[in-house]
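The values are calculated or read from the model by the stated rules, or taken from the named source; none is laboratory data. Keep in mind the model is a prediction, meaning the values are calculated, not measured. For neighbour counting, all protein chains shown are included, and Cβ atoms are generated from backbone atoms with ideal geometry for every residue, glycine included.
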Amino acid sequence: MSDILFLAHRIPYPPDKGDKIRSWHMLKHLAERATVHLGAFVDDPADMAHAAKLRSICGEVKLMPLKPSDRWKRALRGLMGGDALSLALYYDPAMVKWVKQVLRQNRITTIVAFSSQMAPYALPHLGGRKGIMDFVDVDSEKWRQYAVEARPGLRQVMYKREAKLLRALEKYATHHFQASLFVSEAEAAVFRKLAGSYAHTVKAMNNGVDYRYFDPAAGFAPLPAATGPVIVFSGAMDYRPNIDAVSWFAEKIWPEVRKKHAGATFKIVGSKPAPEVKRLDGKNGVVVTGRVEDMRPHLAAADVCVAPLRIARGIQNKVLEAMAMARPVVATAAAFEGIEAAPGEHLLLADEPGAFADRIDELLRDTARAQAMGAAARAQVIARYDWDASLAMLDDIIGLKAPQPALVSAQ
């Protein structure tokens, strides 16, 4: 049986944030069907503890630490070389050498590159091999949005530069990979306009949700009962769109909610809170938890989950996981984009601060409606977001057969 080389910009385990959730389920799916060799970078030293888990399901595994001390050197090299900084920060000669070694020593017929940062490692070796490029989101469009939002100055110039260089890389990669994947049909549609005559290779492969794990009836330890309503936002809190979302919510929306629900708590749950997020902790009923071992108790304890994102690409796992936990959700249109659900039935939408606060107030006052919406949301996730159904696309592209005997345990 031929082997697969899987390259990821971030270690796929533990699946505790958006991109790692997707890459883990892809890796697990492929490892059940073929021998997979994994090369990935590690930006959190604590994640190195999970190397044994990955080696238990893969062939060769190369995990390379991303040292913060190297970031400036790599960024400077990228600026001087005219490269996108997103690519320069992940370029390492040792990874180049390992990729060549694995390809030389194994019969690898398929290369999967997860995220645009890994495309340069795969592109030189696609001759005679199948190539799958999972962009996840249109990164160049994200940087273009950043540039639009930024004030005129050096930051805006850098954002525009990044958008331009990444767009060139995305188009070039599409011409060489057999399939370019995106997390939603909306993202795929945006990219098809850029792909030109290669638009037929651009495909949407939806994220799934492990709804057996994210289940309000699952056996996790509940949190102590709160004295008032709890509103929850979940996500990696060093990610700029999430920082912007909670900052905007705390400033523009939360005061209006507290006027009507003085005992309410806004809980921001997620790893690596940035200084802007930490400053919110303890003010006006805001609680910043930092990293938690299990997100489910926090979602289960929420009266309402919110996704007030103003900058967003692809499908928001935070929304799907809250829906899977049968929680009512209030989201912006940006956070809702790409999700197969009916506003008003499975969740509520609002973009203006006053309307967003009103939707939260409605759910807090009408608990029967909130409960019914949560139940409908979970049913929709089960019907539309099964991982096995989504990942079957990989089998078709690569030509994989029935799984090998189970090698991988559930999350």
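Which residue out of Y159, Y172 is surrounded by 17 or more Cβ atoms within 10 Å (Cβ to Cβ) and either at pLDDT 95 or above or within 22 Å of A88 (Cβ to Cβ) (or both)?
One residue alone meets the criteria, Y159.
Can you tell me which residue is nearest to A150 (Cα to Cα) among those in region 327-337 that are surrounded by fewer than 24 Cβ atoms within 10 Å (Cβ to Cβ) and of a type outside the set (D, E)?
This residue is A334.
Please work out which one of (1) assigned to a helix (DSSP H, G or I); (2) farther than 23 Å from L30 by Cα is the condition P152 fails and give its number.
(1)
Taking S69 as meeting all but one of (1) among the polar types (S, T, N, Q); (2) exposed (fewer than 15 other Cβ atoms within 10 Å of the Cβ); (3) farther than 29 Å from K160 by Cβ, write down the number of the exception.
(3) is the only condition that S69 fails.
Taking the conditions exactly as written (closer than 19 Å to T109 by Cα, in contact with a Gly (Cβ under 9 Å, 6 or more places away or on another chain) and either of a type in the set (V, I, T) or surrounded by 17 or more Cβ atoms within 10 Å (Cβ to Cβ) (or both)), does H37 satisfy them or not?
For H37, the condition - closer than 19 Å to T109 by Cα, in contact with a Gly (Cβ under 9 Å, 6 or more places away or on another chain) and either of a type in the set (V, I, T) or surrounded by 17 or more Cβ atoms within 10 Å (Cβ to Cβ) (or both) - is met.
So, in region 155-179, exactly how many residues are touching a helix residue (DSSP H, G or I) at 6+ places or on another chain (Cβ under 6 Å), hydrophobic (A, V, I, L, M, F, W, C) and not in a helix (DSSP H, G or I)?
Counting residues in region 155-179 that are touching a helix residue (DSSP H, G or I) at 6+ places or on another chain (Cβ under 6 Å), hydrophobic (A, V, I, L, M, F, W, C) and not in a helix (DSSP H, G or I) gives 1.
Would you confirm whether any residue within region 1-12 is of a type in the set (F, W, Y) and not in a helix (DSSP H, G or I)?
Within region 1-12 (the criterion being of a type in the set (F, W, Y) and not in a helix (DSSP H, G or I)), the answer is yes, since at least one residue qualifies.
Taking into account only those residues within region 183-242 that are touching a strand residue (DSSP E or B) at 6+ places or on another chain (Cβ under 8 Å) and of a type in the set (D, E, K, R), which is surrounded by the fewest Cβ atoms within 10 Å (Cβ to Cβ)?
Top of the filtered list is E185.
For the list (1) modelled with pLDDT under 95; (2) farther than 21 Å from A94 by Cβ, I need the number of the one condition that A75 fails.
Just one mismatch for A75, condition (2).
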